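Report on one structure; see the data block that follows.
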Amino acid sequence: MTTHDTIVVGAGVTGLVAAWRLAEAGQDVVVLEARDRVGGRLRSELHDGSLFEIGGQWVSPDQDALKALLEELGLKTYERYRAGASLYVDRGGNAKRFDGEDLPVGPETAAAIERLTKTLDDLVAEIDPDRPWDHPEAQRLDRITFQQWLEDQCDDVEARDNIALYVGPAMLTKPAWAFSALQALLMAASAGSFRHLVEADFILDRRVAGGLASVPLELARRLGDRVRLCQDVTAIEYDADGATVVVGQERLRARSVVLAVPPPLVRRIRFTPELPAEHRHAREHQSFGLVIKVQVEYPAPFWREVGLSGTGFGPYQLVHEVYDNTPEGYATGHLVGFVSDESADRIGALSADQRREQVLSSLATYFGEQALAPTTYVESDWQHQELTGGAYGTSFDVGGLTRYGRVLREPVGPIEFGTSDVSGLGFQHVDGAVRIGTELAQCVLSGR
Ligand SMILES: Cc1cc2nc3c(=O)[nH]c(=O)nc-3n(C[C@H](O)[C@H](O)[C@H](O)COP(=O)(O)OP(=O)(O)OC[C@H]3O[C@@H](n4cnc5c(N)ncnc54)[C@H](O)[C@@H]3O)c2cc1C
């Protein structure tokens, strides 16, 4: 049987960062990845010769861990295109232009949005993203849905719908009644403030030249043949001295295992002895949200010619948010839009042609008829991939964060667990994956 210091399961950013730090520290490490590629939720594809980022792509200014890694790997970033006016599609389906961050809504709704934003930011300032369950009001806030919390705070429906949009469809990719107010506060705290989630120019600030998937590709290049693809780990037997990891007919032994797979996927692996019950329960209460990322390419970025940035929000639209997604140096024009949670369920049941027609029709509500005729149309497909299961990441159901949150980062014997889904800062983002990967490597090295 082959023996290593550490076996890392999963070649997403978390697993690769952990492996690289362990290798740098002189450990004999191997990475086992079930897919035939590295990167997990980061993947780039060429369609009709153009680059499309199917998973994560943006970097924001607060993401220090990711920014430092980009620098270390020698990867360059560029600013997302943003010059010009944004669009807001109201309940009546009217697209209205606006500048800055303030939505073109009536004065009462605008005041209600500002009040809710301030209340959220005051609460967020009190939350430790690594330990949200320690907040004095944590139990109460974790037992009500975010939707209920918003209704208790505010009578203005349009204000509520817009605030719900930023955390629900746009971030956790679940309806605001499917997660708790505390989970919403954690989402905001992980980005530094609620206002940061609202500011597209902040949260979607920069992109990586060649795509964010260059990060796992470069880490894997450095790790070389320590990374093994098509290795679906099905069983782990562990004891006080280490663990035996089973892949097909092969058994590999190590002193430590880093299980860098999303919490719901831990269940695909058979453990001997069984994991403690609360470890299984915790992961059953954390589930993937669902968003379909849709990207379209046109012969030119026609919206720029009429002074539009390509940014649009529409809490009542099928495509609830849209941005100019033209890669640096392209003469063609790209838009990216998102269809989330129940809307994604609904269009997911349609034929590919019907889905495309409905998505393009929603884009046309923002940008007019020219949006109906792209040269290329690409949908992300994470919900159909068993080795992910949704997008962007996972979050707890109501009450789960206070009941089980602390369990997700606890080791079991020689096994450490984690992905961006359990990060405080950078929660559900690549920055969180870098942080967790670094932390897991430190835990292994310190033999905690
Ligand atoms: C559509 C979409 C858009 C996003 N947008 C952004 C964005 O703009 N900015 C941002 O920062 N983040 C974004 N994210 C989130 C970001 O991509 C993830 O948070 C991050 O990539 C997660 O990395 P990870 O390594 O923690 O997990 P993963 O990438 O999920 O890696 C886990 C790996 O484990 C492997 N695996 C699972 N089970 C096994 C097994 N039994 N044996 C072996 N291997 C196994 C999987 O194949 C996978 O490669 C987005 C995600 C999606 C899906």
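Points to keep in mind about this one:
- Annotation: ARG346 fulfils all but one of (1) surrounded by fewer than 17 Cβ atoms within 10 Å (Cβ to Cβ); (2) within 23 Å of LEU275 (Cα to Cα); the unmet one is (2).
- Checked against (1) assigned by TED's automatic domain parsing to the domain that holds ASP241; (2) away from the ligand (no atom under 16 Å from the Cβ), THR419 passes all but condition (2).
- Selection from region 80-120 of residues that are among the hydroxyl-bearing types (Ser, Thr, Tyr) and at pLDDT 95 or above: SER86, TYR88, THR109, THR117, THR119
- Of the residues making up region 116-133, those that are closer than 16 Å to GLY400 by Cβ and assigned to a helix (DSSP H, G or I) are PRO132, TRP133.
- Filtered residues of region 247-275 (kept if more than 26 Å from ALA391 (Cβ to Cβ) and in contact with a Ser or Thr (Cβ under 6 Å, 6 or more places away or on another chain)): ARG251, LEU252, ARG253, ALA254, SER256
- Any hit, region 265-279, residues being within 10 Å of the ligand (Cβ to nearest atom) and either in a strand (DSSP E or B) or in contact with a Phe, Trp or Tyr (Cβ under 9 Å, 6 or more places away or on another chain) (or both): yes
- Some residue of region 193-203 being hydroxyl-bearing (Ser, Thr, Tyr), within 30 Å of LYS118 (Cβ to Cβ) and more than 12 Å from the ligand (Cβ to nearest atom): yes
- Any hit, region 10-19, residues being within 14 Å of the ligand (Cβ to nearest atom), part of a loop (DSSP other than H, G, I, E, B) and within 20 Å of PRO327 (Cα to Cα): no
- Residues satisfying the stated conditions in region 117-147, i.e. over 19 Å from ALA191 (Cβ atoms) and touching a Phe, Trp or Tyr at 6+ places or on another chain (Cβ under 7 Å): THR145, GLN147
- Taking region 365-414 as the range and being of a type in the set (A, V, I, L, M, F, W, C), in a helix (DSSP H, G or I) and surrounded by fewer than 16 Cβ atoms within 10 Å (Cβ to Cβ) as the test, only LEU372 passes.
- Just one of the numbered conditions (1) over 30 Å from GLU24 (Cα atoms); (2) crowded, with 20+ Cβ neighbours inside 10 Å is not true of GLU101: (2).
- Condition met for GLY26 (at pLDDT 95 or above, in a loop (DSSP other than H, G, I, E, B) and within 15 Å of the ligand (Cβ to nearest atom)): no
- Here region 121-149 is the region considered, the condition is being without any contact (Cβ under 8 Å) to a residue 40 or more places away in the chain and touching a helix residue (DSSP H, G or I) at 6+ places or on another chain (Cβ under 6 Å), and the residue that is farthest from PHE179 (Cα to Cα) is TRP149.
- Hits in region 331-352 (condition: within 20 Å of PHE52 (Cβ to Cβ) and assigned to a helix (DSSP H, G or I)): ALA344, ILE347, GLY348, ALA352
- The single residue among GLN370, GLN385, GLN428 that is among the polar types (S, T, N, Q), within 16 Å of the ligand (Cβ to nearest atom) and over 24 Å from ALA188 (Cβ atoms) turns out to be GLN385.
- Applying a threshold of 6 Å to beta carbon distances and a minimum spacing of six or more residues, or different chains, the list of pairs starting in region 360-379 at a residue that is free of Cβ contacts under 8 Å to residues at least 60 places away in the same chain and ending at one that is of a type in the set (S, T, N, Q) and outside any helix (DSSP H, G or I) reads SER362/GLN317.
- Complete set of residues in region 253-264 that are surrounded by fewer than 21 Cβ atoms within 10 Å (Cβ to Cβ) and either closer than 20 Å to ARG406 by Cβ or assigned by TED's automatic domain parsing to the domain that holds PHE338 (or both): PRO264
- Within region 45-80, the set of residues being farther than 15 Å from GLY211 by Cα, assigned to a loop (DSSP other than H, G, I, E, B) and more than 12 Å from the ligand (Cβ to nearest atom) comprises ASP48, PRO61.
- On inspection, ASP5 fails the criterion of being of a type in the set (D, E, K, R) and in a loop (DSSP other than H, G, I, E, B).
- All strands (runs of 3 or more DSSP E) inside region 282-322 with 1 or more residues being out of contact with any strand residue (DSSP E or B) (no Cβ under 8 Å at 6 or more places or on another chain) and without any contact (Cβ under 8 Å) to a residue 60 or more places away in the chain: none
The values are calculated or read from the model by the stated rules, or taken from the named source; none is laboratory data. Owing to the predicted nature of the structure, the values given are computational and were not obtained by experimental measurement. Every residue, glycine as well, gets a Cβ built from its backbone with ideal geometry; the counts of neighbours run over all protein chains shown.
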